[in-house]
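Visitor: Have a look at this one.
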There are 2 protein chains.
Amino acid sequence: MQSFEQFFSLVNTAIHNVKLPNVPANLYEPIAYTMALGGKRLRPILTLMTCQAFRGNIHEAMNAALALEFFHNSTLVHDDVIDHADLRRGKPTVHRKWGEETAVLCGDTMFAIAARLMAKVGPEHLPATMNVFIDTSTRVFEGQQMDLDFKFLTDVETDEYMAMARLKTADLLGAACRLGAIIAGASPANEQAIYNAGVNMGLAFQLQDDLLDVWGDPEVFGKETGGDIMNNNKTFLLISAIRLADDITKTELRRWLNDPYALREQKVPAVTAIYERLGLKQLTVNKIEQYNAEAVKLVKSTGMNPDDADRFISLIHSLTSRNA
Amino acid sequence: MQSFEQFFSLVNTAIHNVKLPNVPANLYEPIAYTMALGGKRLRPILTLMTCQAFRGNIHEAMNAALALEFFHNSTLVHDDVIDHADLRRGKPTVHRKWGEETAVLCGDTMFAIAARLMAKVGPEHLPATMNVFIDTSTRVFEGQQMDLDFKFLTDVETDEYMAMARLKTADLLGAACRLGAIIAGASPANEQAIYNAGVNMGLAFQLQDDLLDVWGDPEVFGKETGGDIMNNNKTFLLISAIRLADDITKTELRRWLNDPYALREQKVPAVTAIYERLGLKQLTVNKIEQYNAEAVKLVKSTGMNPDDADRFISLIHSLTSRNA
């Protein structure tokens, strides 16, 4: 049985061994660069962990696992173009290093590479896994568009926010688990339970991301904190603040949101202070714990071996006690 | 047996009937808009024509045909972002109408829709057709990157140009034919021959595109002519001009290429005059005719029914006598 660290190292070796063409160098170098930037490798690890927990052969799940990691990274490359981001994991983004044109093509090609890896899944599981892959990728794009749309809306409900987070982030973690279950030949009930566990994990993960952007350690986080505040991003925190603030605080908050010339060193601490005054850190932590508890319950409901369940449970908790 | 016009109308009806979700509206409206902009529907028609010529059931080939049309349009949406183009088929481009962020996501989603359509191909043909789809899409991106790279090179050989055109444009037409052949259950030899016919057709098509940008009728072409000249795009014409010009003409040409302030109304006629002086229109037309002749020979080599062969042959000739 593999430990978490062994899964991580297996995935990294497999990513390193994916053979990319040499030409055009300006297309494949940024892809190799992106895949070598590292990261938690959460999605492929979830696929392998689930496959093992349901007594499947993890080597049969590797192509699906890699497909998700290439797909996830393709969305990051395009996302950085959309957000005009300069840094990703502390290094220059693809569009900063190679230009926006190449970044668009690079993301497209990584999506195609992901589909090629998914198409290598054994024939008995192939139609099912390919459909999960295609449905999930579509949901990610829908979630990203909803997120874009939120920027132009004054009021977003927390329910709408959670629906967006489910599409943009959580469903992919659910799909990572589901693919491992399908390849292991798990029962439909267990496939559904572990998918739901992944989704709950993903919702907690997204909320933790919102927290880190405000209270994270920039050294560990790999980017400056306060980005969401500066961009008026409709995070769970901002949406909750608008909903919960009294009239005086709401006026203060709106003033910061409507001032395009606000200085970072003034706006970020001021909005953070409002969040703190409204108790939003604790509110969000409570919500994270609810999603985590649900994920743990779902993992246990599958009746998997206690050692495997424990590994899932410690992963669930580590994701939301992370600093980056 | 279907006529060319019937194929066109079948494809348009099928595109219209592809059910897109309603939300997020800002994601699916630009997709519906793009697919309704029209166009020749060349790729899906080639798939259906090939399927019929090899005695397959064209309804079984429809999902593959639609997949190619969605994929092709996804590349156009991203291409317009890359080229900062304002117009496509005489209408505002997606990124002009909905913003660059949405245009990136819209192209990504159309690629996923294409993959979903391709995944609906009957199970006996599915691994083969999906692999053709993935390989072909990757080649298109490689060709687009080569094309980008050419902008920064002073000297590009015509061979390199044709290799780029094959990846970016011609291989997709070859794949359109190949998919129809696979679904019809054609012999491997015929599958290869019709693929090669499609590639030759595509090379002629790309050269015709280069000609139209200089000598096309803007009314019919749907965009202003001279765009390639203004952007110093390394078209077959420019590459041939650099290769064939005497020293005086080469100096004149380099002066236009190196003058970032050149006015359109001066640069376009001046460079066009150089092309005409060098006989490049005729040279290109001759090359187009060679590719067409090869395509016709390949079509005939399959031994398909003469009526079907005639339809291919008239399509081949119509593509390079087109004005748009």
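Visitor: What about residue B:206, is it in a helix (DSSP H, G or I), among the polar types (S, T, N, Q) and within 18 Å of the chain's Cα centre (by Cα)?
Guide: Considered against the rule, which asks whether it is in a helix (DSSP H, G or I), among the polar types (S, T, N, Q) and within 18 Å of the chain's Cα centre (by Cα), residue B:206 comes out as yes.
Yes/no matrix, rows are residues, columns are (1) within 24 Å of residue A:105 (Cβ to Cβ); (2) among the acidic types (Asp, Glu); (3) out of contact with any strand residue (DSSP E or B) (no Cβ under 9 Å at 6 or more places or on another chain):
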{"position": "B:56", "(1), (2), (3)": "no, no, yes"}
{"position": "B:69", "(1), (2), (3)": "yes, yes, yes"}
{"position": "B:73", "(1), (2), (3)": "yes, no, yes"}
{"position": "B:112", "(1), (2), (3)": "yes, no, yes"}
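Visitor: Since residue B:261 meets every condition but one in (1) touching a residue at least 40 places away in the same chain (Cβ under 8 Å); (2) more than 26 Å from residue B:172 (Cβ to Cβ), which condition does it not meet?
Guide: So residue B:261 meets the others, but not (1).
Visitor: Something else now. Between B:71, B:8, which is closer than 26 Å to residue A:101 by Cα, at pLDDT 95 or above and of a type outside the set (Asp, Glu)?
Guide: Answer to the selection: B:71.
Visitor: Across the range B:4-30, what is the total count of residues that are away from every other protein chain (no Cβ under 14 Å) and in contact (Cβ under 8 Å) with a residue 24 or more places away in the chain?
Guide: The total comes to 8.
Visitor: So which residues in the range B:131-140 are touching a helix residue (DSSP H, G or I) at 6+ places or on another chain (Cβ under 7 Å), surrounded by fewer than 23 Cβ atoms within 10 Å (Cβ to Cβ) and within 7 Å of chain A (Cβ to nearest Cβ)?
Guide: B:134, B:138
Visitor: Then there's this: Exactly one of (1) modelled with pLDDT of 95 or more; (2) closer than 17 Å to residue B:176 by Cβ is unmet by residue B:98. Its number?
Guide: Result: residue B:98 fails condition (2) only.
Visitor: Considering the range B:49-61 alone, what residues qualify as being in a helix (DSSP H, G or I) and surrounded by fewer than 23 Cβ atoms within 10 Å (Cβ to Cβ)?
Guide: Matches in the range B:49-61: B:52, B:58, B:59, B:60.
Visitor: Now, a different point. Being under 21 Å from residue A:293 (Cβ atoms), free of Cβ contacts under 8 Å to residues at least 40 places away in the same chain and either open to solvent by 10 Å² or more (accessible area, probe 1.4 Å) or not β-branched (Val, Ile, Thr) (or both) narrows it down to one of A:192, A:208, so name that one.
Guide: The unique qualifying residue is A:192.
Visitor: Looking at A:250, A:281, A:297, A:287 in this structure, which one is without any contact (Cβ under 8 Å) to a residue 24 or more places away in the chain and under 25 Å from residue A:314 (Cα atoms)?
Guide: A:297 is the lone residue from the list that is without any contact (Cβ under 8 Å) to a residue 24 or more places away in the chain and under 25 Å from residue A:314 (Cα atoms).
Visitor: Just a yes or no: is a residue in the range B:141-149 more than 7 Å from every other protein chain (Cβ to nearest Cβ) and out of contact with any Phe, Trp or Tyr (no Cβ under 7 Å at 6 or more places or on another chain)?
Guide: The answer is yes, given that some residue of the range B:141-149 is more than 7 Å from every other protein chain (Cβ to nearest Cβ) and out of contact with any Phe, Trp or Tyr (no Cβ under 7 Å at 6 or more places or on another chain).
Visitor: Go through the range B:14-27 and report how many residues are surrounded by 10 or more Cβ atoms within 10 Å (Cβ to Cβ) and assigned to a helix (DSSP H, G or I).
Guide: Of the residues in that region, 6 qualify.
Here is a yes/no grid of residues against (1) at the interface with chain B (Cβ under 7 Å from one of its Cβ atoms); (2) open to solvent by 10 Å² or more (accessible area, probe 1.4 Å):
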| site | (1), (2) |
| --- | --- |
| A:101 | yes, yes |
| A:110 | no, no |
| A:168 | no, yes |
| A:181 | no, no |
| A:185 | no, yes |
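Visitor: Within the range A:81-92, restricting attention to residues that are more than 14 Å from chain B (Cβ to nearest Cβ) and not small (Gly, Ala, Ser), which residue is surrounded by the most Cβ atoms within 10 Å (Cβ to Cβ)?
Guide: A:88
Visitor: A further question on this structure: When the residues of the range A:211-227 are narrowed to those that are assigned to a loop (DSSP other than H, G, I, E, B) and touching a residue at least 60 places away in the same chain (Cβ under 8 Å), which ends up most open to solvent (accessible area, probe 1.4 Å)?
Guide: The first filter runs over the range A:211-227 and keeps only residues assigned to a loop (DSSP other than H, G, I, E, B), leaving A:216-217, A:222-226.
Remaining after also requiring touching a residue at least 60 places away in the same chain (Cβ under 8 Å): A:216-217, A:222-223.
On the way: A:216: 14, A:217: 68, A:222: 24, A:223: 102 Å².
That would be A:223.
Visitor: Being among the aliphatic types (A, V, I, L, M) and modelled with pLDDT of 95 or more, is that true of even one residue in the range B:231-238? Talk me through it step by step, then tell me what you get.
Guide: Within the range B:231-238, the first condition is being among the aliphatic types (A, V, I, L, M), and the residues that meet it are B:237-238.
Those still in the list that are modelled with pLDDT of 95 or more too: B:237-238.
Yes, because at least one residue in the range B:231-238 is among the aliphatic types (A, V, I, L, M) and modelled with pLDDT of 95 or more.
Visitor: Right, here's the next one. Pick from A:117, A:105, A:153: which is under 28 Å from residue A:33 (Cβ atoms) and more than 7 Å from chain B (Cβ to nearest Cβ)? If you could, list the steps in order and put the result at the bottom.
Guide: Working: A:105 fails: more than 7 Å from chain B (Cβ to nearest Cβ); A:153 fails: under 28 Å from residue A:33 (Cβ atoms).
Going through A:117, A:105, A:153 in turn, the sole match is A:117.
Visitor: Of the conditions (1) crowded, with 20+ Cβ neighbours inside 10 Å; (2) in contact with a Pro (Cβ under 8 Å, 6 or more places away or on another chain), residue B:149 fails just one. Which one is it?
Guide: It fails just one condition, (1).
The values are calculated or read from the model by the stated rules, or taken from the named source; none is laboratory data. Small disclaimer: the values here were computed from a predicted structure and weren't measured. Note that each Cβ is placed from the backbone with ideal geometry, even for glycine, and that neighbours are counted across all protein chains shown. Surface accessibility is based on the protein's heavy atoms, side chains included, excluding ligands, DNA and RNA. Shrake-Rupley method; radii C 1.70, N 1.55, O 1.52, S 1.80 Å.
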